[in-house]
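Trainee: Please find one structure pasted underneath; my questions will follow.
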Amino acid sequence: MRFFRRGGQPQEPDSAQEPNSAPQPDSAPLPAQPAVGPDADDLIGDEWRTADGEPSDTLGFEPSELEQDLAESPDAVLGSDGVIEPAPIIAPAGPAPAQPQWAWGAEWSAEKADAARREREHEQLEAGLEKTRSGFGARLRTAFGGIGTDADWEEVEETLITGDVGAHLSMSIVERARKRREVTVEQAVRAELEAILAGRDEGPWEPRPAAEGAPAIVLVVGVNGTGKTTTIGKLAARERALGHRVVLAAADTFRAAAIDQLRIWAQRADAEIVAHAQNADPAAVVYDALDAAIARRADVLIADTAGRLHTKANLMDELTKIRRVIDKRLPGARVETFFVLDATTGQNGLAQAKAFHEAVKLSGVVLTKLDSTAKGGIVFAIERDLGVPVRFVGVGEQADDLLPFDPAGFVAALFD
């Protein structure tokens, strides 16, 4: 650090010399004159120079002790006792980073997590069946108030029919229930309804590989307006939550904005999607999606299809073409075909399901909008007349409102 003293400028040459005259080459430079004046001791910076214009490294005075300390410690602060070195800044020790903990701490297990998930789904199912419980279930419980006379059984039969169970199945249930002895009317009817659902596959549905080294393939079919594309998005979100890699095939190339709707659901569910242009061949979309799913080692491939009426033969033929394309790519592949049924359509929806079952052999039914109907008896009609198990039920608009169907819980919700 250099110290400079404020002083006068170097003395000008003799006034008699011409101001523009150049100095003689052999003449020596004039020595710097000491500065004089009242402000000679002030530090000014570059004003203290030698005659040749360079700063002087030799001071004509000795710097004070304070100036030396400041020069050696430029970051020090000046206090009443001289220079005070600043205390080192020590960051306060924060709390130790929290270790990841499961909901049960060290006692967490996959079995406990699965049991908690099932309990939550059971509560959601009960909440979604509130209208069915207060409608169809309440009428049944009122009809059970009798002592078992013919009029009482007729009221039970009428209640079952109006609850979308179906006329033929309702008569069969009442006939078998009347043969049960030493039980109440409610116990007899409940046992018959439980028996209808008892013959189905045990346990919730889980995706199974369609072939060795291939993902599970789910073909989703149904008529327009039943919530088919939304169901696909919810099913994809459910499988992603279980840790499965999901690929969606946007094979509904007929309906306007169907591809865009499925893209949005793919983003929400963090799933992958394969799509072609509008009006493209649906079978080609499924073929490319299957190739992509195999290459990416996906766990599940879910294919959306165009909504169609069961009375349109040409549209139904497209579904059989998709099945042929899948069989060509994976000979002998096990393809799951889910029919999406609007619970509010009742027996009309059952007729639609029968037509689709004849065309593509359904392996499961997804019952949507179950929270919007006060009937719900269509479940028993599907299981008995169609012979296809109900795999999932939709009880809300959120992504996690698609629940695996629980037969025991469904019957309990009607009677309890």
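FYI, it's all coordinate maths here, none of it is from the lab. The structure presented is a predicted model; accordingly, all values stated were derived computationally and were not measured. Cβ placement follows ideal geometry from the backbone for every residue including glycine, while neighbour counts extend to all protein chains displayed.
Trainee: Taking the Cα atoms of region 179-236, report the difference between the largest and smallest coordinate on each principal axis, in whole Å and largest first.
Mentor: On the principal axes, region 179-236 reaches 54, 34, 16 Å in Cα extent.
Trainee: Next question. Shape verdict for region 139-247, please, from the Cα gyration tensor: rounded (a/c under 1.5), prolate (a/b greater than b/c) or oblate. Kindly include the intermediate steps, with their values, before the conclusion.
Mentor: Working: a/c = 3.43, a/b = 2.47, b/c = 1.39.
Since a/c reaches 1.5 and a/b is larger than b/c, the shape of region 139-247 is classed as prolate.
Trainee: Given just the C-alpha atoms of region 107-183, how large is their convex hull per residue in cubic angstrom? Working shown, then result.
Mentor: Values: hull volume 11.5 nm³, N = 77.
Given the Cα convex hull of region 107-183, per-residue volume reads 150 Å³.
Trainee: Further question: Can you classify region 364-416 as rounded, prolate or oblate using the Cα gyration tensor, where a ≥ b ≥ c are the square roots of its eigenvalues, rounded means a/c under 1.5, and otherwise it's prolate if a/b beats b/c and oblate if not?
Mentor: Details: a/c = 1.62, a/b = 1.22, b/c = 1.33.
It is oblate, given that a/c is not under 1.5 and a/b is not larger than b/c.
Trainee: Say each of ASN224 and ASP281 gets a label point 7 Å from the Cα, pointing the same way as Cα to Cβ; how far apart are those two points in nm?
Mentor: So the two model labels end up 2.5 nm from each other.
Trainee: Got a sec to turn the phi values of region 323-329 into Karplus ³J(HN,Hα) couplings, 6.51 cos²θ - 1.76 cosθ + 1.60 with θ = phi - 60°, whole Hz, x for Gly and Pro?
Mentor: Couplings: 5, 5, 5, 5, 5, 5, 6 Hz.
Trainee: To one decimal place, what orientation-averaged projected area in nm² is obtained for the convex hull of the Cα set of region 271-336? Mind dumping the intermediate values first?
Mentor: Values: hull surface 20.0 nm².
Convex hull of Cα atoms, orientation-averaged projection: 5.0 nm².
Trainee: Would you mind calculating the relative contact order of region 311-401 from Cα pairs under 8 angstrom and at least 6 residues apart, reporting the percent as a whole number?
Mentor: Working: 110 pairs, mean separation 24.3, N = 91.
Reported as a whole number, the value is 27 percent.
Trainee: Between LYS328 and GLU154, 0.36 nm times their residue separation minus their Cα-Cα distance comes to what?
Mentor: Numbers: separation 174, 0.36 × 174 = 62.64 nm, distance 5.38 nm.
Extra length from LYS328 to GLU154 when fully extended: 57.3 nm.
Trainee: How long is region 266-384 along each principal axis, judged by its Cα atoms, biggest number first, in Å?
Mentor: 45, 34, 29
Trainee: Looking only at region 129-169, which residues have a backbone nitrogen under 18 Å from a spot 7 Å from the Cα of ALA198 in the C-beta direction?
Mentor: Nothing falls inside the zone, counting backbone N under 18 Å.
Trainee: Also, quick follow-up: Per the Cauchy relation, a quarter of the hull surface: what is the mean projected area of the convex hull of the alpha carbons in region 171-302, in nm²? Don't skip to the end; give the middle numbers.
Mentor: Numbers: hull surface 45.2 nm².
The directionally averaged projection comes out at 11.3 nm².
Trainee: To the nearest 0.05, what FRET efficiency results for ALA355 and ARG141 with a Förster distance of 25 Å applied to their C-beta separation?
Mentor: Once rounded, the FRET efficiency stands at 0.10.
Trainee: Using C-alpha positions alone, give me the convex hull volume of region 323-406 per residue in cubic angstrom.
Mentor: Numbers: hull volume 9.0 nm³, N = 84.
Dividing the Cα hull volume of region 323-406 by its residue count gives 107 Å³.
Trainee: Output the relative contact order of region 226-310, whole-number percent, from Cα pairs under 8 angstrom with separation of 6+ residues. Walk me through the intermediate numbers first.
Mentor: Numbers: 141 pairs, mean separation 34.3, N = 85.
Relative contact order comes out at 40 percent.
Trainee: Could you let me know the centre-to-centre spacing of region 220-250 and region 370-416, using Cα atoms, in angstrom?
Mentor: The distance from the Cα centre of region 220-250 to that of region 370-416 comes to 18 Å.
Trainee: Determine the gain in length on full extension of the stretch LYS179-GLN398; use 0.36 nm per residue of separation and subtract their C-alpha separation, reporting nm with one decimal.
Mentor: 74.4 nm
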